[in-house]
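Read the structure below first, then the notes.
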Amino acid sequence: MKDLSTFFYLFFVFNGFHILFDVYMAVGMPGTGSAGIIVMLQCISSSKKAAVVFCGISFALWVLHFVVPLFKYIKVCHHYQLHSHKFSEAKQQAYLGFAQSGAGQAAARAFICSNTGTFV
């Protein structure tokens, strides 16, 4: 059940955004609320020792939070390639899942019962 192509593509999309967010937070753009490397360098230049320590800890944790999902992403990608899943297979599974769901059946009934023949 869990070895479906659809789940792999969902994982790749959402974990990809997760990894990008971790990089964004580790960089630490000023004014975004993250205490990454840029904010840490600003604190070093203005001699704020406590802020440097906290920004350093925050940066290290964001990097760790980036490395673990990246490792998972690589492992899942290897598993995906090993079982030779395809995007067309994922599309077919998504269509089948929608057709078997209650929402999909209700949408099909509403389309068939409409007077105009267009789906509204």
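Just the accessible area per residue of the chain, please: how many Å² with a 1.4 Å probe? Mind dumping the intermediate values first?
Working: 8600 Å² over 120 residues.
I get 72 Å² per residue for the chain.
Once label points are set 7 Å from the Cα along Cα→Cβ at both ALA50 and TYR95, what is their separation, rounded to one decimal in nm?
Once both label points are built, they end up 6.2 nm from each other.
Name the helices (complete DSSP H segments) of the chain with a Cα length along the long axis of 27 Å or more and a Kyte-Doolittle mean of at least 0.0, or state none.
On the way: long enough: 5-27 (33 Å, 1.45); 49-82 (49 Å, 1.17).
Once both thresholds are applied, what remains is 5-27, 49-82.
Sort the chain into rounded, prolate or oblate with this rule: let a ≥ b ≥ c be the square roots of the eigenvalues of the Cα gyration tensor; rounded if a/c is under 1.5, and if a/c is not under 1.5, prolate when a/b is larger than b/c, oblate otherwise. Could the numbers behind the result be given before it?
Working: a/c = 5.16, a/b = 2.19, b/c = 2.35.
Taking the square roots of the gyration eigenvalues as a ≥ b ≥ c, the chain is oblate.
Nearest 0.05, what FRET efficiency do ALA108 and HIS78 give at R0 = 25 Å with Cβ-Cβ as r? Walk me through the numbers before you get to the answer.
On the way: r = 38 Å, r/R0 = 1.53.
Given R0 = 25 Å and the Cβ-Cβ separation, E is 0.05.
Between LEU61 and HIS18, what's the calculated FRET efficiency when r is the beta-carbon distance and R0 is 25 Å? Round to 0.05. Spell out each step's value before the answer.
Values: r = 15 Å, r/R0 = 0.59.
E between LEU61 and HIS18, to the nearest 0.05, is 0.95.
Not counting ligands, DNA or RNA, and with a 1.4 Å probe, what is TYR80's accessible surface area in Å² rounded to the nearest 10?
30
When the accessible area of the chain is split by element with a 1.4 Å probe, what percent falls to carbon and sulfur?
Working: 6310 of 8600 Å².
Carbon with sulfur: 73 percent of the solvent-accessible area.
The values are calculated or read from the model by the stated rules, or taken from the named source; none is laboratory data. Source: prediction; values computed, not measured. No Cβ is skipped: glycine too gets one built from the backbone with ideal geometry, and neighbour counts run over all protein chains shown. Just so you know, the surface numbers come from the protein's heavy atoms only, side chains and all, with ligands and any DNA or RNA stripped out. Shrake-Rupley method; radii C 1.70, N 1.55, O 1.52, S 1.80 Å.
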